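The values are calculated or read from the model by the stated rules, or taken from the named source; none is laboratory data. These numbers were taken from a predicted model, which means no experiment stands behind them. Positions of Cβ are backbone-derived with ideal geometry, glycine not excepted, and every protein chain shown enters the neighbour counts. SASA here: full protein model, heavy atoms, side chains in, ligands and nucleic acids out. Shrake-Rupley method; radii C 1.70, N 1.55, O 1.52, S 1.80 Å.
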Amino acid sequence: MAEKILVTGGAGYVGSVCVALLREKDYEVVIYDNLSAGHREAVTGGAKLEVGDLADRARLTEVFATHTPDFVMHFAASCLVGESYHDPILYYRNNVANAANLVDVMIEHDVRAIIFSSSCAVYGEPVRVPMTEDDPKNPINPYGKTKLTFEHLLEDCDAAHGLKSVALRYFNAAGATDELGEDHDPETHLIPIVLKVPLGLLDGVEVFGDDYPTPDGTCVRDYVHVSDLAAAHESALGILRQGKSERINLGNGNGFSVLDVIRASEHVTGKNIPSKVSPRRRGDPAALVAGAGKAADVLGWQPSYTSLETIIETAWKWHKEHPHGYRD
Ligand code: UFG
């Protein structure tokens, strides 16, 4: 019988791509999503959508009792660094308190295996680049603190209740599939903002700071394709089946600056993308690049999208077809 996976946030950007892959591989998938940031149109492949909020324990309990999943993949979260400074309680509520409800209901229903969308934001300002999983974790913004706090909660629940977890620490999720792409409101992520210029929706890009200790002074990030992230989730199920817990970085191991992204986007789109330097954005480390060795060793994971231009090409294709996101 096919294994059944409950996917929180499965109508969101990374979650929806993962759901599509799981359905291709014939897993049964139930999505639990409150559609606050997710899109009904992003639910594909015959996955079942149960609309509900992680704050609503009664609804969660009903969904677990009805569907009896084998595993949980937990994507649903608030995920904007800037917003997390203005409204930290929202972040602790969604990413810790409501996520704790999920774990509690899982244990009540004897579901003891979860894959968690963590973030490179748990490390804070890195002590070295590339960063490996055992490096110090000193998150510098409330978003990263909530992701680390939930990782700690999972560790404590492993000790107390035998709950096995794989925390996948994504670097910068990017790109699109033919059907599924990035549609946030408001959009704050670099690649979709840059692509709004050739779409005629923005006049130019603001570069947040050019005085970082990086080769061109702008922040360096490790952009990893959303389909590669999805593949890593499927591989991580193997760790849970072995009754193990792990913390794993997901990145390409290559860093690109904000200016690199703008230049690559000009090349991909064939359009000029004007930019101007603005002050630094709060909570941005200078450089975040994954040491991706553990993902290769433990998951057998090798990203198939290793070139920034190819990643941007996939995003460009989707944004051209959906200039206003899923509303189109
Ligand atoms: N940037 C600009 N101009 C913009 C938008 C972004 O210069 O208009 C810069 C940012 O300052 C940063 C880089 O582009 O240096 C990338 O910014 P993103 O907002 O696209 O992504 P982040 O690096 O902030 O991503 C971080 C973590 C992720 C985490 C995410 C949550 O790296 O792990 O925050 O939103 F998931």
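Here are the numbers:
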quantity: Residue identified as outside the structural domain of D134 (by TED's automatic domain parsing), within 16 Å of the ligand (Cβ to nearest atom) and open to solvent by less than 90 Å² (accessible area, probe 1.4 Å) among A287, A296; calculated: A287
quantity: Residue check for G243: away from the ligand (no atom under 15 Å from the Cβ), within 29 Å of L148 (Cβ to Cβ), in contact with a strand residue (DSSP E or B) (Cβ under 9 Å, 6 or more places away or on another chain) and not in a helix (DSSP H, G or I); calculated: yes
quantity: Test result for Y143, in contact (Cβ under 8 Å) with a residue 60 or more places away in the chain, within 13 Å of the ligand (Cβ to nearest atom), open to solvent by 10 Å² or more (accessible area, probe 1.4 Å) and under 20 Å from K244 (Cα atoms); calculated: no
quantity: Candidate set from segment 255-283 (those that are open to solvent by 20 Å² or more (accessible area, probe 1.4 Å) and farther than 24 Å from S307 by Cβ); member that is nearest to the ligand (Cβ to nearest atom); calculated: R281
quantity: Inter-residue pairs, beta-carbon under 7 Å, first more than 13 Å from S257 (Cβ to Cβ) and assigned by TED's automatic domain parsing to the domain that holds A286 and in segment 197-217, second open to solvent by less than 50 Å² (accessible area, probe 1.4 Å) and more than 13 Å from the ligand (Cβ to nearest atom), 6+ apart; calculated: P198/T269; L199/H319; L199/P323; L201/P323
quantity: Breaking point among (1) within 25 Å of F71 (Cα to Cα); (2) within 15 Å of the ligand (Cβ to nearest atom); (3) open to solvent by 20 Å² or more (accessible area, probe 1.4 Å), for L168; calculated: (3)
quantity: Single residue of segment 178-204 satisfying the filter (more than 19 Å from A76 (Cβ to Cβ) and of a type in the set (V, I, T)) that is nearest to the ligand (Cβ to nearest atom); calculated: I193
quantity: Verdict on R221 being surrounded by fewer than 19 Cβ atoms within 10 Å (Cβ to Cβ) and within 12 Å of the ligand (Cβ to nearest atom); calculated: no
quantity: Every residue from segment 205-218 that is more than 10 Å from the ligand (Cβ to nearest atom) and open to solvent by less than 30 Å² (accessible area, probe 1.4 Å); calculated: G217
quantity: Close pairs from segment 162-182: first over 22 Å from A264 (Cα atoms) and not assigned by TED's automatic domain parsing to the domain that holds A113, partner open to solvent by less than 10 Å² (accessible area, probe 1.4 Å) and within 14 Å of the ligand (Cβ to nearest atom), Cβ under 9 Å, at least 6 apart; calculated: none
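Every residue, every condition in (1) in contact with a Lys or Arg (Cβ under 6 Å, 6 or more places away or on another chain); (2) within 16 Å of the ligand (Cβ to nearest atom), yes or no:
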| residue | (1), (2) |
| --- | --- |
| M131 | no, yes |
| D134 | no, no |
| E151 | no, yes |
| C157 | no, no |
| G162 | yes, no |
